[in-house]
Structure formats: structure tokens, C-alpha cells
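The values are calculated or read from the model by the stated rules, or taken from the named source; none is laboratory data. Everything quoted here is computed from the prediction, not taken from an experiment. For neighbour counting, all protein chains shown are included, and Cβ atoms are generated from backbone atoms with ideal geometry for every residue, glycine included. Side chains are part of the model used for accessible areas, which takes the heavy atoms of the whole protein and leaves out ligands, DNA and RNA. Shrake-Rupley method; radii C 1.70, N 1.55, O 1.52, S 1.80 Å.
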Amino acid sequence: GKLFTELWTNDVGGFPLPTGCYYGPEYKDQPGILDDGSLEVVPAYREYFVMFDPQQGLKHTCLDYRTNRMGPCTYMLVINARIGAGLVDVDDELVGIYSMCDGTKAECGPYVSMADVIEYGMGKPPAVAAAGDPSFAQLRAARIAPRGSEWSTLPNPYAFEADAVLEGGRREVLSLDIRAWVEDPATPITRNSILRVFFTPFGAWDLGRTGNCLATCVAAEGTSCSDGRGGNTSTCQLVEVTNGEVSRLMPMPRNVLYVQYPRQMDELYNRSDAHVLAVDALTLPSQGFFPRSFLAMLTDPQDRSPSTSRTNLLSRVPRYGTTQGKILIEGQASSGPMPFIAYRDNELVLRFVLGATLRSLPVLPPPPGPQDGFFAGEASNTTSTTTTTTTPQAIYVAPPYIEVTLPEGYTCNLDGKGGARTIGAQELFGRDENGDGFKDNFNQSLGNGVWTAAGRRCRFTLDLFAQIWAKQVFFLQIKVSNPATSLLKDDPRNVWQITIRGSGGAELGPPTTFITLEEERTDIGWAGNLAVLTPLQQEVLQTTEFGMGRVAYLNIFFSAVHTMKNESYIIVDAPDDFDFGAACQVGDLDEGIYSDWEGLAWGEDLVGERARTYTIGQNPNCSGDNWKRLVRSPVPSTDFTRARIRVTRPLLTGTFYGFKLRVRNARAYSIEQHDLWKLWIVSPEGYFVDGSIRSVVFNEPRAGGSEPVSIYDRSWAVYKRPLNSSDLSVRFDGSAAVLPTQSAIMTAVLSLYPLMVSEDGGLVNVRFIAPVGYTFEPFSSDGFFGTIPGVTCETLCVLDARPRVLYNNELL
């Protein structure tokens with residue numbers, strides 16, 4: 001903020017955030033010896049360095065935000081500097097500019113070998129104003145106002161607003177009135193004098209696409225502004241502050257207004273009034289700026305004898321979309337790794353672009369002495385070729401800040417200094433989708449300040465002299481505690497906002513919401529808010545085949561939490577190497593599951609224990625995907641670990657649903673298979689609503705209470721080979737069935753035969769799961785026999801260990 005006041009680029013990604021800035025010692029060249037034997041007086045110079053991370057620096061080809069076309073990258077650095085008196089020639093080198101790299105080719109860029117200095121160029125002044133006639137008029141003040149406004153009632157500061165919107169809303173224009181006063185009315189502004197106004201920030205303003213503009217002179221009362229041709233037009237041009245060789249090579253912002261007074265206007269002697277220069281259809285910047293005054297410069301008809309002054313205070317509220325916040329989409333439910341209600345430490349990466357520059361500077365008060373009355377509460381700040389100024393004492397006020405406000409119920413928790421480091425962010429910062437050798441997203445986090453958190457607000461406060469430039473991209477990593485109740489993506493309360501405040505709490509428009517749901521559809525990979533999910537109830541997932549690589553059908557049950565509209569989605573996620581196929585197959589379970597329970601005809605109750613199980617509708621549509629696929633990546637052609645099922649009936653809260661889904665089992669066992677089965681409910685718009693808070697269990701009683709400690713008690717996984725017992729049967733007391741009754745009233749002895757294994761000596765446990773409602777009692781009298789007398793062999797075919805009972809219906 002002390003040295004650089006602006007860093008601008010035409011790159012749509014903004015000026016890359018430097019990783020550091022430093023300067024070297026003061027140097028002087030070896031002086032020569034003059035004719036009189038004395039040493040030549042040589043100026044001192046100093047080197048300033050701006051550093052960037054590898055592959056995150058200056059580029060040669062950019063997407064120009066002004067034209068939306070690829071072309072050369074243009075960079076502009078605006079520096080605070082005091083020009084020495086010895087500068088007299090436009091060929092003098094003010095600044096020597098070097099692009100350098102001290103790393104490898106991969107670090108420096110695709111077209112650079114390992115090198116020190118890559119390029120060198122000279123920064124020359126576009127023009128040098130001559131001193132001219134010291135008796136020429138000296139500028140005292142200048143004032144800018146909207147066309148036709150009442151000067152006496154003009155607010156201070158005045159906020160620029162558009163007069164018209166052109167080109168389908170892409171361009172805003174306004175017309176201005178400009179007045180200038182001189183120090184001594186006895187030396188007035190003469191005919192053909194030139195007035196320049198420097199519109200800042202320089203990178204924000206581009207006053208017109210061509211160098212032409214239309215200006216007329218509105219005469220003070222009782223005087224004339226004739227141009228000698230029967231009119232009152234003034235010569236008007238729009239030029240670049242960098243007007244020179246660089247502007248001829250590539251388009252630069254036209255940020256200087258050049259107006260020449262008419263050739264036959266009346267010169268106003270001994271008057272406090274002034275002619276008005278009325279300028280039409282200047283282009284407004286999309287970005288905003290806090291109250292500031294512009295520099296005005298008056299020169300004589302030969303463009304000499306310059307004097308300068310400041311205008312009244314002016315500001316601009318950023319146009320919609322220039323300040324932007326959005327959230328990186330991560331996690332299976334696109335709402336971070338911890339998307340459920342009341343969960344803590346849901347780790348998120350946020351991306352920001354500011355629509356206005358924030359500078360943390362002390363405020364300079366007006367100098368002591370009587371004020372001239374032109375601008376209430378402002379210093380005159382007039383300078384000319386013959387005046388000097390005294391630096392007043394600075395006043396330190398509350399520094400600028402950026403504040404992120406989350407919806408009600410959230411708590412913001414910062415992670416370190418806010419730098420983005422999650423797995424998804426690592427992929428984000430490694431992207432090079434256009435193949436230009438530079439990262440598409442620079443991992444830029446703010447450093448010259450401090451992040452603080454309070455409730456649902458996170459705030460970054462700038463250090464003294466720190467600066468964040470408009471259009472600059474930076475990232476923030478936060479950990480949030482989710483609300484205690486669910487929050488849908490399309491809930492009107494689900495609003496994330498960013499607020500920027502200048503020094504002393506100065507406002508520049510209302511808080512800005514993150515990107516809208518409509519904007520999310522074109523800004524792939526980013527979200528404007530997150531859904532807070534409710535855990536699903538009583539979900540169960542059972543397979544008909546455990547063998548590696550075998551085709552199986554999954555029997556899936558769940559109880560709906562939210563009522564969902566027709567054509568909502570059910571999503572089933574499987575561990576790696578399971579494959580549902582591109583066009584997955586989904587259907588109904590056995591008909592009896594939907595129509596009968598305990599031998600009674602049900603259907604009277606829609607919810608509760610007496611409710612029947614329902615299908616998910618006729619002819620549901622199913623498509624395959626991979627749940628680990630990044631949202632910007634194409635749909636895969638293999639490894640379909642996600643089944644996306646569009647249901648053809650509404651889902652009702654508390655109602656049970658069941659369906660079957662075809663899958664090709666994984667071809668090898670992995671312990672992760674016990675922990676990666678998930679079920680999600682998604683709205684017709686594609687927004688996640690409910691889901692499995694943990695891996696879906698195989699046996700429904702396991703779902704009660706906390707998650708099973710043993711990973712093998714959670715979800716199912718493949719076996720090395722299927723059980724070698726094609727005619728395995730289960731018999732109750734020698735009969736094929738048992739009458740439905742309560743276990744406390746009648747018990748049965750169960751025989752399992754033949755149980756045959758494929759390898760000797762490798763068996764550790766045998767697990768047997770009965771339907772829900774059965775209870776094993778192996779420790780009762782005659783409760784367990786490790787053999788079947790007269791059927792199995794009596795020596796090597798005996799199971800000696802008495803089994804353990806898990807969850808009533810599960811025997812180990």
C-alpha cells in the first residue's frame with residue numbers, strides 16, 4: 001500500500017497475488033570526471049522485487065476480461081513516486097523493468113529455460129510538461145458533477161451512477177459537468193487552454209472504446225462559450241495515462257479526459273463563477289472505489305505551464321457480480337466432507353474477488369487555516385509549479401476489513417491463517433485445463449492482516465499499509481459448525497454474504513450474496529451455498545451374492561425423512577471397483593415384501609411399524625457415474641460406483657421404501673468396502689437433501705445407536721469365493737417352515753447343512769444372519785450343537801467354539 005497503489009491486468013483471473021515484495025540497497029553508478037576536475041553528480045536508484053509462486057506468476061497469453069478473447073497479457077503497476085527535477089526528456093528511463101526467474105523450466109513457465117533475466121524493458125514518461133509562462137493561470141480547484149445537477153446540493157462524496165445502460169446491459173454510461181477555478185481571477189483560464197482529469201483507479205476506468213468524446217461548453221451567466229463556428233463544442237479526447245509506445249502495441253485503459261476550452265469563449269476576469277465543460281457518454285467502470293478525489297491539471301494552449309488540483313470526493317458502488325464469493329464443491333453430497341446437521345469441522349474452501357480496492361492507510365486531515373469553501377471538510381491540496389505543501393499529521397482510524405457472513409445456525413471456525421489446503425483444493429490448484437503451462441487457479445491467501453471469527457461471521461482485517469486490489473482472486477479455508485436443523489439449498493434463508501468496509505468503517509454498497517443457484521449452473525464446480533443434510537433413517541443394504549467379480553442384486557431399504565416431489569433421485573454409492581454400469585438396472589423386490597407382514601394384510605398405516613413397504617414407482621430411470629469424479633470432469637466410461645435413480649412417485653416422510661439394484665462386485669477385497677456404502681436423497685433440481693451419515697449396514701439392527709466399533713460389523717464386503725454349498729438349506733425342527741409367532745412363546749432348533757468350505761485351515765469365523773425379528777439363543781439348554789448327529793462326520797466336522805450373538809439375529 002505504501003509503494004504500489006494499483007496492480008492491474010487484463011487477465012480475467014486478476015493480477016496474481018504476490019508471495020512477497022522487498023527492495024535492495026540504494027545504488028549509485030561510478031561518477032565521471034568533469035572538465036573542471038570535479039566528480040559528476042549521479043542519481044541514486046534502488047531495486048524493488050515482486051515475487052510469485054512457481055507457475056503462478058505473470059503470463060504471456062490471457063483471456064481478456066474486456067473482450068472475452070485470448071490475447072497478450074497486459075500488466076500495469078501504479079507506483080507512488082516523487083519525480084526529480086532533473087527529468088526533462090521523454091527518452092529518460094524512469095524505470096527499468098525486468099522479468100526474472102531463478103527456478104527450473106517447470107517453475108518459470110512453459111517457454112522459459114532456467115534463467116535469471118528473461119526480459120528487460122524501459123519505462124519512459126509519455127510526455128514531459130514544460131514550465132512555460134509563470135504568469136499563466138494557476139488551477140485552484142475542480143469539481144465534477146452529474147449532467148445538469150444543482151451544484152449547491154451535490155452530495156459530498158458524490159457516487160457515480162449510470163445515465164443509461166447499453167449493449168444488452170454490458171456497458172453503463174454517464175454524462176458529467178466539470179468546472180475549474182483559478183487561484184487569481186485576474187489571470188483567468190484563457191481560450192484554447194487544456195484541462196485534463198485523471199480518472200482513478202487507473203485500472204478501473206476505461207472511459208471509451210475509441211479516443212473520441214463529445215464535449216460542449218456551457219457558459220457562465222451573461223457570457224459566451226463560442227467555438228467560432230456558431231457552436232460551443234470543445235475538443236475532447238480520451239487517452240491512456242500510459243500514452244506512449246506501450247499503448248500503440250496493445251490496448252490500455254483510456255483513463256484520462258482531455259478537454260480544450262473553445263477558441264472564442266469569454267475569459268472570466270474577476271469572477272467566482274466558471275464555465276461548465278459538459279462531457280457526454282463516458283463509460284462507467286464495473287468495479288467500485290471508496291471516496292477519493294481525482295487529479296485535475298490545467299495547461300496553456302501550447303500544453304505548457306501545468307498546475308494541478310484535486311476534485312471533489314467521488315465514489316462508485318461496484319456493479320453486481322464484480323464482488324463475488326463462492327464455495328468449492330467437495331464431498332459426496334457436494335456440501336463438504338461433513339454435510340450433516342450439527343456436525344462440526346465441515347472444512348470448506350471459499351473463493352473471492354473484490355469489486356473495489358481496499359487500502360489500509362492513515363487519514364490525512366485538512367491543513368490548518370481558513371478553508372476556501374469549495375469543498376466542505378476537505379483540504380484544498382492545491383499544487384503548482386510555484387507552491388509547496390507541508391505534510392499534516394496522520395490520523396489512524398479503524399482499518400478496512402472483509403467479512404463473510406454465514407446463514408443463521410452456522411458457526412465459523414478458522415483453520416490457521418485461512419490458506420486453502422484440502423484435498424479438493426489441491427486438485428483445484430493443480431488444474432491447467434487450457435494447457436498453457438500455468439495454473440488455472442493460483443493458491444492465493446491473504447497474509448497482510450488477521451482473520452478472526454465470531455459466531456457466524458469471519459472477518460479479515462488489513463494491517464496498516466496493506467492492500468487488496470480490485471479483481472484480485474484469493475481463497476479462504478474455514479471450518480464451520482453446521483446448524484442443528486436441516487437447511488435446503490433453495491431455502492430463502494440459506495444466504496452466504498461478503499461485506500467490504502473501507503477505513504473507518506466506510507460503506508460501499510450493501511453486502512453481496514455469493515453466486516446464485518442460477519449462476520451455479522454455468523460456474524461448474526462452485527456453489528453459492530451448501531445444503532445441511534438430515535441423516536436417513538433405517539437404511540439397509542443387503543446383497544444376494546458375495547463372490548468377487550460376481551453379478552449381484554442389492555436389496556435396499558430406507559425410511560424417507562423429507563417428503564420429496566415426483567422425479568426426485570435416490571443415489572447409491574459403492575466402494576471402489578464395484579460397478580453399476582452406465583445404464584444401471586433397478587427394479588422391485590419380491591412382491592410379498594410390499595403387501596404382507598406377519599401374515600396380515602397391511603396398508604392401513606402410511607408410516608410407523610404397521611406401515612407397509614412401498615416401491616419407488618414404475619419404471620424408474622437409472623444412470624451410472626463415479627462418486628469420486630470431480631464435478632468439472634467428464635462422465636466416466638468405466639468404474640460406475642454411483643447409481644443415480646430417478647423415482648417416479650413422491651416420497652413421503654416416515655414411509656418405508658425398498659428396491660433392488662444390479663451390481664458387479666469388486667474383483668478383490670479391501671477393508672474399505674465395509675465403510676463406503678452410502679445412500680442419498682436428492683431433489684429433482686439435483687440438490688442433496690438427506691443421506692447416510694455412515695456406511696449403510698447389512699443387518700438393520702446394527703444401525704441402532706452408535707456406529708459399530710468393529711469395521712466388519714458395518715457394511716458388507718466381497719469374499720474370496722462363494723460358499724461351496726449349492727444345496728445349502730436351513731430347516732426348523734425338521735420341517736421347511738415355522739409358524740409366525742413371538743420368540744418368547746415358541747422356539748425352534750435350526751439345522752444348517754451342508755456347510756462346505758473351499759480351503760483347509762483358513763477359516764476363522766462363520767457368520768450367520770437371520771431375518772430381523774429372530775433372536776439366537778445358543779447359551780440356553782441345548783442351544784448349540786457343533787454337528788448334526790447322523791448327518792455330519794463326528795471328528796473333523798465339528799465346530800467346537802460356542803458362538804457369540806450379535807444384535808439378536810446375528811450369530812458369530
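Figures for the structure shown
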item	result
Looking only at the stretch 209-223, and only at residues there that are of a type in the set (Gly, Ala, Ser) and over 38 Å from the mean Cα position of the chain (by Cα), the one that is nearest to residue 71 (Cα to Cα)	215
Test: residue in the stretch 510-523 that is within 14 Å of residue 402 (Cα to Cα) and in a strand (DSSP E or B)	yes
Selection from the stretch 772-799 of residues that are open to solvent by 70 Å² or more (accessible area, probe 1.4 Å), modelled with pLDDT under 80 and under 60 Å from the mean Cα position of the chain (by Cα)	772
Which listed residue, of 528, 502, is surrounded by 19 or more Cβ atoms within 10 Å (Cβ to Cβ) and touching a helix residue (DSSP H, G or I) at 6+ places or on another chain (Cβ under 7 Å)	528
Selected residue (criterion: most open to solvent (accessible area, probe 1.4 Å)) from residues of the stretch 648-674 that are modelled with pLDDT under 95 and in contact with a Pro (Cβ under 8 Å, 6 or more places away or on another chain)	672
Residue check for residue 319: over 26 Å from the mean Cα position of the chain (by Cα) and of a type in the set (Lys, Arg)	no
Filter result (closer than 21 Å to residue 710 by Cβ, more than 52 Å from the chain's Cα centre (by Cα) and not small (Gly, Ala, Ser)) within the stretch 800-810	802, 803, 804
Restricting the stretch 237-269 to residues that are surrounded by 15 or more Cβ atoms within 10 Å (Cβ to Cβ) and among the acidic types (Asp, Glu), the residue that is nearest to the chain's Cα centre (by Cα)	240
The listed residue being farther than 21 Å from residue 146 by Cβ, more than 38 Å from the chain's Cα centre (by Cα) and modelled with pLDDT of 90 or more, out of 234, 272, 226	226
Residue, farthest from residue 646 (Cα to Cα), within the stretch 678-699, restricted to residues that are among the charged types (D, E, K, R) and surrounded by fewer than 18 Cβ atoms within 10 Å (Cβ to Cβ)	694
Whichever residue in the stretch 190-225 is open to solvent by 20 Å² or more (accessible area, probe 1.4 Å) and among the aliphatic types (A, V, I, L, M) and, among such residues, is farthest from residue 267 (Cα to Cα)	214
